[in-house]
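Everything on this sheet refers to the single structure shown next.
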Amino acid sequence: MIRFSNVNKRYTGGYDALVGVNFHLAPGEMAFLTGHSGAGKSTLLKLIALLERASRGQVVINGQNLDKVSRRRIPYIRRNIGIIFQDHRLLFDRTVFDNVALPLIISGFSSNEVGRRVRAALDKVNLLRKEKSYPVMLSGGEQQRVGIARAIVNKPPILLADEPTGNLDPELSEEIMKLFEQFNQVGVTVLIASHDLALISQMGHRVLTLTKGKLTQDSGAS
Amino acid sequence: MAKQQREAGRVRDSVSPSDRAIRTRVRTYLLRHAQVFFGSLGRLSKTPFSTFMTTMVIGIALALPAGLHVLLQNVQQLSGGLDSATQISLFLKTDTSEPRTQEIVKRLRKMSEVRQVDYVSRQQALEEFTRLSGFGDALKALDQNPLPSVIVVTPALRHATPDAAERLLARFKLFKEVDLAQLDMQWIQRLYAIMDIVQRGVQILGVILGLGVVLVLGNTIRLAIQNRRDEIIIIKLIGGTDAFIRRPFLYSGFWYGFFGSLIAFLLISLAVNALSEPVAGLALLYRSQFSLSGLNATEVVLLGGTGILLGLLGSWLAVGRHLRDIEPT
């Protein structure tokens, strides 16, 4: 589902964020990406979401070599990837419902379908009662769950999360991670960047460790 | 037979759902457009003051050339009546006898192209010249009257336009008694020439102000894009195409152009209204039925269309220029 072959990323200015990274994440697999800040976790996720392009090597997502994707095709690739950000990235002038509905509106779903799917997604993150609220009225954990609902609402095969529990207390963090496990159980490939080592080891999934841009440890196999 | 019916039924079933799906897609597409269309209007109404300022600037920029156009149209209408002032002077050869001259006058009066014929004899011409020029004494020194007799022909209205009058002049020149035929419409031609220049000036002004409208709108939309930077980034992150992001800004440009031309129309109507009474008063002093006319239906549509087109163009340029700069990181 996600395959990195000898991937290098050098930013302008000569900084090497990733060096010779190789790994393969099978469909339906769940993995954590860890390492110190600056180790290249975010860069790796950015390459998958086409926010950056690899300097060398190949990134293949869902059978598609991202090297060959033109600028115009990027939106369609991103529709197959749900992304969750540490800072949630919600639209504060729109209700929870409208925030979650946005990916569906973009893809041209009918109003009936939008209503049905948004409520299903909000139900999954336990926020059905808050659909008419605005993000400012919600707690940090609730905002993060809105972000998750938006990422899964159009049922993408891949879910990426960049430090999704960065600002949450341990209890809430665990709750969020359990949510990711649930999506993984229905077949979604999940890759989570996190430095919460205690929580990661507790979950018992595959762990990829980056050190200064190199993949130094890969607990799982494939 | 039954099998055939079943198959036909299956074919119908397999067609109608996809048919319905297409119809739903089209309806959804139109609905989303309508939502963005009116949504962008709603967004403009959230900042009434700045929206009003921008549309006012556009309205004034459109009203200036359009108003001058209206003024020019009225002057043209007024000068249309001046064609009746066209006259052709026929200077006869000095050896033409008096009876022969009368014959020519009679012949001219019978022509359908001619409205009026005035005859000035050599003697009358001399008297007039003496009276008006002050060179009377000099003429007395001559032993005979050097002035020719003149027939002044006023063409019928239909033949008073510059072209028709020229044709008439060419015919008169063929009369063998006519020494010189001259068209007295130079000042009308000059007026027309001046109006041509003014019209050209209005066109140039229109192009310049149109460019101004595009730039003002481009800047307004640029600011709107910057204000919604975060939103654009998020939409790009979750797979929104450039067309999707562009849409609300283009519709904003449409609305700015629409309301701008509406304001221009109101400004011109107000001006025409305010001027019509004094103009009618002035016309009455000249015993004229002239009254000021405003924009006609075609011109109103043209004004609106121009405004909307310029609005779309301005926002298109701004969006094309600035949307690419905003990329999620």
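A few comments on the model shown:
- On the stretch given as region A:100-112, residues that are facing chain B (nearest Cβ under 9 Å), assigned to a helix (DSSP H, G or I) and surrounded by 15 or more Cβ atoms within 10 Å (Cβ to Cβ) total 6.
- Hits in region A:165-219 - residues which are of a type in the set (S, T, N, Q) and either at positive phi or not in a strand (DSSP E or B) (or both): A:165, A:167, A:173, A:182, A:184, A:185, A:194, A:201, A:202, A:219
- Hey, residue A:89 within 14 Å of chain B (Cβ to nearest Cβ), among the basic types (Lys, Arg) and at positive phi or not: yes
- Residue in region A:155-164 that is assigned to a helix (DSSP H, G or I) and at negative phi present: no
- Number of residues in region B:270-310 that are among the small types (Gly, Ala, Ser), surrounded by fewer than 17 Cβ atoms within 10 Å (Cβ to Cβ) and in a helix (DSSP H, G or I) equals 8.
- Close contacts from region B:98-113, counting a first residue that is at positive phi and a second that is surrounded by fewer than 16 Cβ atoms within 10 Å (Cβ to Cβ), with Cβ to Cβ under 6 Å and a gap of 6+ residues or different chains, come to none at all.
- A search for C-beta distances below 8 Å between a residue of region B:204-231 that is free of Cβ contacts under 8 Å to residues at least 24 places away in the same chain and any residue that is of a type outside the set (Asp, Glu) and not in a helix (DSSP H, G or I), counting only pairs 6+ apart in sequence or on different chains, returns B:230/A:89; B:230/A:91; B:231/A:91.
- Region A:35-51, subset surrounded by fewer than 20 Cβ atoms within 10 Å (Cβ to Cβ) and not aliphatic (A, V, I, L, M), residue nearest to residue A:181 (Cα to Cα): A:42
- Close pairs (8 angstrom Cβ cut-off, 6 or more residues apart or separate chains): closer than 15 Å to residue A:97 by Cβ and away from chain B (no Cβ under 14 Å) in region A:130-157, assigned to a helix (DSSP H, G or I) and acidic (Asp, Glu) anywhere: A:130/A:142
- If the condition is being part of a helix (DSSP H, G or I) and either modelled with pLDDT under 90 or surrounded by fewer than 17 Cβ atoms within 10 Å (Cβ to Cβ) (or both), then region A:120-134 contributes A:120, A:123, A:128, A:129.
- Scanning region A:1-26 for residues that are assigned to a strand (DSSP E or B) and farther than 23 Å from residue A:156 by Cβ returns A:6, A:8, A:9, A:10, A:11, A:15, A:16, A:17, A:18, A:19, A:20, A:22.
- Number of positions in region B:195-238 that are within 14 Å of chain A (Cβ to nearest Cβ) and of a type outside the set (A, V, I, L, M): 6
- Selection within region B:239-269 - in a helix (DSSP H, G or I) and within 14 Å of chain A (Cβ to nearest Cβ): B:242, B:243, B:244, B:245, B:246, B:247, B:248
- Hits in region B:180-208 - residues which are under 22 Å from residue B:170 (Cα atoms) and aliphatic (A, V, I, L, M): B:180, B:181, B:183, B:185, B:188
The values are calculated or read from the model by the stated rules, or taken from the named source; none is laboratory data. For clarity, every value in this text was computed on a predicted model and none was experimentally measured. We place every Cβ from the backbone using ideal geometry, glycine too, and count neighbours over all the protein chains shown.
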